[in-house]
1. Quick one: what pairs do we get from region 37-61, first residue at positive phi, second surrounded by 15 or more Cβ atoms within 10 Å (Cβ to Cβ) and part of a loop (DSSP other than H, G, I, E, B), C-beta under 7 Å, 6+ apart or different chains?
2. Can you find a residue that is among the aliphatic types (A, V, I, L, M), touching a Gly at 6+ places or on another chain (Cβ under 9 Å) and surrounded by 12 or more Cβ atoms within 10 Å (Cβ to Cβ) anywhere in region 60-82?
3. What are the residues in region 22-44 that are within 22 Å of M109 (Cβ to Cβ) and of a type in the set (S, T, Y), if any?
4. Kindly indicate the residue of region 83-102 that is at pLDDT 90 or above and outside any loop (DSSP other than H, G, I, E, B) and also surrounded by the most Cβ atoms within 10 Å (Cβ to Cβ) among those meeting that condition.
5. Taking region 84-108, which residues are closer than 20 Å to G67 by Cβ and polar (S, T, N, Q)?
6. Residue by residue through region 103-115, note down the ones that are modelled with pLDDT of 85 or more and in a strand (DSSP E or B).
Amino acid sequence: MKLRITIFMWIVALSVPLLTFSQIPNASFENWTNGEPDGWATSNSPPDFITTTASSESHTGTKALRGEVITDTNCVLHRPIVFAGSDGGGFAVTQRYGALEGYYRFLPMFTRKFQ
């Protein structure tokens, strides 16, 4: 059984006045190469488990990140994990910001809840 929990994450980093100075690489997940968001690392394990994909259902822009929890034949759950930085090591932030804003969409299956 394939458990679908669809999570859309849009990081509208640093709001409108700071958008041009965004330090988050590919903050809106617009750019993808070989099924991976540019500037980010994921828990994808092709060809067996692809839990993170690009989606056209975005809040702003043309793309978004879609995460899906899937179950393998041994009933093991594989969840989407996204790490900042191409190697998962993060990225430098050179100043302190007052807020970080983003958007997500949650579609529960059956009686699942976001906790």
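1. Close Cβ pairs (under 7 Å, with a partner that is surrounded by 15 or more Cβ atoms within 10 Å (Cβ to Cβ) and part of a loop (DSSP other than H, G, I, E, B)) amount to G39/P25; G39/N26; G39/S86; G61/S28; G61/E30.
2. Yes - at least one qualifying residue is present in region 60-82.
3. Residues satisfying the conditions are T42, S43.
4. Across region 83-102, the extreme among qualifying residues is A84.
5. Matches in region 84-108: S86 only.
6. Matches in region 103-115: Y103 only.
The values are calculated or read from the model by the stated rules, or taken from the named source; none is laboratory data. No experiment lies behind these values; they were computed from the predicted model shown. All Cβ positions, glycine included, derive from the backbone under ideal geometry; neighbour counts span all protein chains shown.
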